[in-house]
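The values are calculated or read from the model by the stated rules, or taken from the named source; none is laboratory data. Model, not experiment: these values are computed from the prediction. All Cβ positions, glycine included, derive from the backbone under ideal geometry; neighbour counts span all protein chains shown. These accessible areas exclude ligands, DNA and RNA; they are computed on the full protein's heavy atoms, side chains included. Shrake-Rupley method; radii C 1.70, N 1.55, O 1.52, S 1.80 Å.
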Amino acid sequence: MSVNTVSKDQFKQFVAALIASEPSVVGVQAKGDRFVFDDLKSADALRLDYDVSILSPRKYVMPQKETLLKFEVGGDCQSVQDGKPLILLGVHPYDMAAINQMDELFSQDEYDTHYMCRRRQITIIACDVVSPSKNVFASSMGTATVQHGYDMLLTDVGESIIVEVRTDKGRVLMNHMPAARPASEDDLAKRSAVWEKNQHVLNKHVLECKPSYLPKLLEKNYDHPVWEEKARLCYSCGSCNQVCPTCYCFDVQDVVNWDMKTGSRVRVWDGCLLENFATVAGDHNFRKNRSSRFRHRLYRKGKYVPGKIGGQIACVGCGRCITACTADIANPVNVYNQLMERTDIG
Amino acid sequence: MCECCTQEKKDIYLPELATITKRRMLNGTELYMHLQLDSGLEMEYTPGQFVEVSLAGIGEAPISISSTPTQKGLELVIRNVGTLTRAIHKLDVGAKLGIRGPYGSTYPVEQAKGKDLVFVCGGIGLVPQRSFIRYVLDNRADYGKVTVLLGTKCYDMRLFREEIAMWMERKDMCVMETIDEAHDCWDGNVGVVTTLIPKIENELPNSLVMVCGPPVMYKFVLMSLAEADVPQGNIFVNLERRMKCGVGKCGHCQINQHYVCQDGPVFRYSDLADVPEAI
C-alpha cells in the first residue's frame with residue numbers, strides 16, 4: 001500500500017489518460033440535477049463531488065440483466081462469462097461496503113462464477129464523500145469510511161487529492177499518474193480530518209443504537225405494530241429493492257432469440273417487496289400481505305443477511321430507498337428507531 | 001479469462017443433459033419420468049433432495065426426486081401446472097431435459113436406522129416421500145416398523161396405484177389410504193389424511209414422522225400429531241418454495257433466516273415450529 005498526493009489538475013490528466021488507454025472507464029457524472037454511474041467520455045464529466053448516485057454501482061458487479069447460459073432451444077446449454085475489464089471510478093465508501101458484502105455472499109458456499117469473474121475484472125477507484133446527500137446515514141451504519149475492497153481510494157482534501165493505492169491493480173494505474181508524490185504528514189493529517197468529519201456528517205437520519213444491536217432488536221419485534229402501520233401505505237413497487245446497493249435477489253428467465261432456435265438463460269434483478277416474490281406453483285403466496293414483505297426486507301438487512309456474513313449489517317446507510325419510496329415509508333432508521341422505543345435490548 | 005475460470009470452478013447454473021427413458025401419466029395431471037444422465041453417471045443423492053429441471057427456452061424449476069439412490073436412474077413426477085411443466089408433459093421418451101443438483105437437505109436416513117417410521121403423505125407429497133420409503137424398503141433390515149398414510153383429494157388423482165397395491169401386500173409395512181371425496185369405485189377410507197392418524201395413535205409417540213403435502217395440509221397434520229404427543233423433534237417436514245437458483249443466492253425460497261434450498265426442503269419441525277411464514 002502506498003499513499004500519494006496529486007493536484008486536481010494532475011488528477012484530471014490521470015482520468016484523461018485512463019479514458020484514452022483503458023478499455024472501459026465508468027465514472028459518476030451529472031444527469032439533470034442528480035448523478036449516475038455511466039461510461040465516462042471525458043475527464044471533465046467526472047463529478048467526484050457528487051452526493052449520491054441514483055442507482056448504486058451494483059449494476060456493474062451484478063447487472064440488471066446478465067446472461068448466465070446460451071442454449072439451443074430444447075437442447076444443451078453453455079456457460080457464458082461476459083464480464084470485461086472495467087474501471088469503476090468514484091465509488092463511495094458505503095457502496096464499497098455493499099460490494100464487499102456481495103463479494104462474500106457470491107463466493108461463499110456455492111461459488112458463483114458469473115458474479116466473481118465479472119467482479120475480478122473490475123478495478124474500483126473509491127472516493128470519500130465530499131457532499132453528503134439529503135438522506136445519507138452512513139455514519140450511523142459504520143460505513144462513512146471504508147478500509148478494504150477498493151484498488152485505489154481518493155480523498156479530496158481541498159487543493160489536492162490523496163491517492164491510496166491498495167492493490168496490484170491499483171499500482172498499475174499509477175503509471176498514468178507520473179506527477180504523484182508520496183503524501184506528506186500534513187496530507188495524511190488532512191485526510192484523517194476528512195474521515196473524522198465524515199464519521200459525523202453523513203448522518204441525516206440518526207440510528208439510536210449501534211448497528212450491531214439490530215439482529216437482537218429485530219429478534220424481539222417480529223409482531224411489532226410498525227410493520228402494519230408502514231406497510232399499509234406500501235405500493236409494492238419494489239423501488240426500495242431496485243435502488244438498494246445490498247439487494248441481490250434475482251429471477252432466472254429463458255429468453256428465446258428471433259431465430260426461434262437459440263436463446264439465453266438470464267438472471268434479472270428481483271425484489272422481495274413485489275407481490276409474487278414468494279409465490280409457488282398453484283398460486284400459493286407465502287408472503288401475501290404487504291406487511292410481511294415490508295418486514296422481510298428490513299429483517300434481511302438487519303438480521304438474516306448479517307447471519308451469513310459475520311454480523312455485518314446489510315444496510316449501508318446510502319439513503320437511496322428513502323429518496324425512492326413514493327409512500328415515504330422505506331426509511332430503515334425510522335423503523336428501527338420505532339422498534340427501539342419499545343424494546344429493552346440490554 | 002479471469003483467475004477463477006482458470007481455476008476451473010464449476011458453473012453452478014449449468015445443467016447437464018438427461019434423457020427421458022420412460023414416461024407415463026400417473027393420473028390426469030401427474031407425469032412420471034425415468035431419466036438417465038447423458039454422462040452415463042448416476043447422480044449421487046439422498047432421499048429428500050431435489051433437482052432443478054430445465055428445458056432450454058422455456059425455463060427451470062425445482063422438482064423433488066422420487067427415486068431412491070439404491071436403484072439406477074432418476075425418477076421425477078411433474079404436475080402440469082405452469083409453462084415449463086406443460087412443455088415437459090409434451091416430451092416423449094428419448095427427449096432431453098437439463099438437470100442440476102442434487103440440492104438441499106435430506107431425510108434423516110442414518111438417524112432413522114432402528115426406529116419406527118411413519119410417512120404422512122398428502123397428494124403429490126407422496127412423490128418425495130416415495131424416495132425415502134423405497135430407500136427404507138431396499139434396506140428393510142435397518143429400520144423398524146414402517147407405516148404409510150396416504151391422503152388424496154379424489155379417487156382419480158391417486159398416484160403410483162400399482163406400487164401402493166404392492167406395498168399393501170407386504171407384511172413388513174402398513175399402508176393406509178384415504179380419499180377426501182367418496183367415489184363409486186372406492187370402498188376404503190373417506191376423509192382427509194388426518195382421519196387416519198388416530199388409527200396409529202399408539203405407535204406415533206415413538207416414531208419418526210415424515211410429513212409432506214400441500215401447504216394447507218401441514219397445519220392440520222401437525223395439530224393431530226401434537227394431540228398424539230409426537231415430540232416436535234421427531235417430525236420432519238418437506239417444504240415447497242420457488243427455488244430459482246437452488247444454491248442459496250436468489251432469495252426466493254427464504255423463510256425468515258432459512259433458505260429452503262440449503263437448510264431444507266426437509267426440516268426438523270422443532271427447528272421451524274417458531275418460525276412464522278414457514279407453513
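Taking N as the residue count of the range B:3-103, its C-alpha radius of gyration divided by 2.2 N^0.38 Å amounts to 1.09.
Using the rule -39500 (n - 2.57) for each DSSP H run of four or more residues, divided by the residues of the protein assembly as shown, the 222 nm mean residue ellipticity is -7000 deg cm²/dmol.
Express the carbon and sulfur contribution to the solvent-accessible surface of chain A as a percent, rounded to the nearest whole number, probe 1.4 angstrom.
Working: 7090 of 14460 Å².
Here carbon and sulfur together make up 49 percent of the probe-accessible area.
Derived scalar couplings between HN and Hα for the range B:44-55 equal 8, 9, 10, x, x, 7, 10, 10, 8, 10, 9, 10 Hz in order, rounded to whole Hz, by the Karplus curve 6.51 cos²θ - 1.76 cosθ + 1.60 (θ = phi - 60°), x for Gly and Pro.
Over every Cα atom in chain B, the radius of gyration and the widest Cα-Cα span, Dmax, amount to 18.9, 67 Å.
For chain B, the longest piece that avoids every one of the GluC sites (Glu not before Pro) found in DSSP loops with at most 13 other C-beta atoms within 10 Å covers B:202-279.
Taking amide H as placed 1.01 Å from N in the peptide plane, the amide H of A:Ala183 sits under 5 Å from that of A:Val3, A:Asn4, A:Thr5, each at least 5 places away or on another chain. With the convex hull constructed from alpha-carbon coordinates only, chain A shows a mean projected area of 19.9 nm² over all directions. For chain B, the longest principal axis of the C-alpha atoms and the axis of helix B:126-138 are separated by about 80°.
What Kirkwood radius, in Å to one decimal, follows from the Cα pairs of the range A:77-221? Don't skip to the answer; put the middle values down first.
Details: mean 1/r = 0.0579 Å⁻¹.
For the range A:77-221, the Kirkwood estimate is 17.3 Å.
Calculated on the Cα set of the protein assembly as shown, radius of gyration then Dmax: 28.0, 94 Å. Less than 5 angstrom separates the built amide H of B:Val146 from those of B:Leu117, B:Cys174, all sequence-distant by 5 or more or on a different chain. Were the residues from B:Glu163 through B:Thr21 laid out at 0.36 nm apart, the gain over their Cα-Cα distance would be 49.2 nm.
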